[in-house]
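Here's the structure, in structure tokens; my notes come after.
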Amino acid sequence: MKVNTVVVCGGGGFIGGHLVADLLKKGAKQVRCIDVKPLDEWYQVHPEAENIVADLNLRDKAFEACKGMDTVINLACNMGGMGFIEKNKGLCMISVLINTHLLMGAREHGAQRFFYASSACVYNADKQKDKKLDVYLKEEDAYPAMPEDGYGWEKLFSERMCRHFREDFGVSTRVARFHNVYGPNGTFEGGREKAPAAICRKVIHAKLSGDHSIEIWGDGLQTRSFMYISDCLKGIYSITESDIIDPINLGSSEGVSINQLVDIVEDIAGIKLKRSYNLDAPKGVNGRNSDNTLIQKLLGWQPNTRLRDGMEKTYRWIYDQMAGRYPAKAREAVAAGR
């Protein structure tokens, strides 16, 4: 990224940790990393960065975050997989304070560029009723507005805040709508994990515990696309440096059903599991896939990582985190292919 100084808000999270590492690798003059979590709960901690624990819901902390920074990247919000966002709508909505105060801080301190991480959850639910792989959502499909309750409304509102701060106050804002980012060094348990990590965890547990069964939320026919973390970072850089002022999709167009995602992880693990379907569990919309026509046209961007390849890297990392919890004999049996 062509910046001297950058603050990554939400830098203790999954995407933030990877982004800070990459910015340091690229030689950014100063990287300020801010997250509300205690430092020992950050997904990655990079000593070369300026690491700060602060609540960016608070105006003063948000203003301090932006001071002296060329670029403000806002990844900070209350979010997680469907198990979290369907049960924490009020908590998700509070994140409007973070983006509002950061926009005010960016205006006050003259930031050259402000990047906001929005979500595919802003899209109109009526356009996501079919469980098909060809439910490709274009940028204009966000209106008329009917986003995911709670989290989706927060994202859509914050997109409009970015627009009006650009129009009224001259803050140079850029907005990307993320579609299901996954990869190593992320959440895989605790309630906030997304489908790729949750399925990896369940398959690994089945393999190491000897209980060769898996519970799938919903009927497994709902469809999604998933973007590997390295592709996400490249997209963030391209969009931040671009002249694109309207929200734009950042995701993979390689759609799969949840059943197909389980197939992929079973193949990586070398196991077949008995499936049960929890139809009462949170499962989100029926079908959602990223239409990348606009970003390919304007930036020539497309993801380079096949889902199978990205899932294998994610599986291997989660396996390493989980393996020590199981008896040595179980790990030995798995290693021996039994």
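The values are calculated or read from the model by the stated rules, or taken from the named source; none is laboratory data. Note that this is a predicted model, so its numbers are computed, not measured. Every residue, glycine among them, receives a Cβ derived from its backbone with ideal geometry; neighbour counts consider all protein chains shown.
Here are the numbers:
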quantity: Ser158 crowded, with 24+ Cβ neighbours inside 10 Å, touching a strand residue (DSSP E or B) at 6+ places or on another chain (Cβ under 8 Å) and in the same structural domain as Lys89 (by TED's automatic domain parsing); calculated: yes
quantity: Unique match (being outside any strand (DSSP E or B), basic (Lys, Arg), modelled with pLDDT under 95 and buried (at least 17 other Cβ atoms within 10 Å of the Cβ)) among Lys127, Lys132; calculated: Lys127
quantity: Options Arg166, Arg177: the member that is over 19 Å from the mean Cα position of the chain (by Cα) and not polar (S, T, N, Q); calculated: Arg166
quantity: Contacts under 6 angstrom Cβ, first residue in segment 206-227 being closer than 10 Å to Ser276 by Cα, partner part of a strand (DSSP E or B) and small (Gly, Ala, Ser), 6 or more apart; calculated: Glu215/Ser276
quantity: Residues satisfying the stated conditions in segment 135-173, i.e. closer than 23 Å to Asn304 by Cβ and assigned to a loop (DSSP other than H, G, I, E, B); calculated: Lys138
quantity: Segment 26-39 residues that are surrounded by 22 or more Cβ atoms within 10 Å (Cβ to Cβ), paired with ones that are among the basic types (Lys, Arg) and in a helix (DSSP H, G or I) (beta carbon under 9 Å, 6 or more apart); calculated: Ile34/Lys61
quantity: Selected residue (only one of Ala76, Ala117, Ala111 is within 16 Å of the chain's Cα centre (by Cα), part of a loop (DSSP other than H, G, I, E, B) and not assigned by TED's automatic domain parsing to the domain that holds Glu215); calculated: Ala76
quantity: Within segment 1-22, considering residues that are part of a helix (DSSP H, G or I) and in contact with a helix residue (DSSP H, G or I) (Cβ under 9 Å, 6 or more places away or on another chain), the one nearest to Asn185 (Cα to Cα); calculated: Phe14
quantity: Residue match in segment 241-264 (condition: surrounded by fewer than 21 Cβ atoms within 10 Å (Cβ to Cβ), farther than 20 Å from Ala120 by Cβ and in the same structural domain as Asp130 (by TED's automatic domain parsing)); calculated: yes
quantity: Qualifying residue in segment 315-324 (condition: on the phi > 0 side of the Ramachandran plot, surrounded by 13 or more Cβ atoms within 10 Å (Cβ to Cβ) and either assigned to a helix (DSSP H, G or I) or touching a residue at least 12 places away in the same chain (Cβ under 8 Å) (or both)); calculated: no
quantity: From Ala197, Ala176, residue being surrounded by 20 or more Cβ atoms within 10 Å (Cβ to Cβ), at negative phi, of a type in the set (A, V, I, L, M) and part of a helix (DSSP H, G or I); calculated: Ala197
quantity: Selection status of Ser257, under 16 Å from the mean Cα position of the chain (by Cα) and not acidic (Asp, Glu); calculated: no
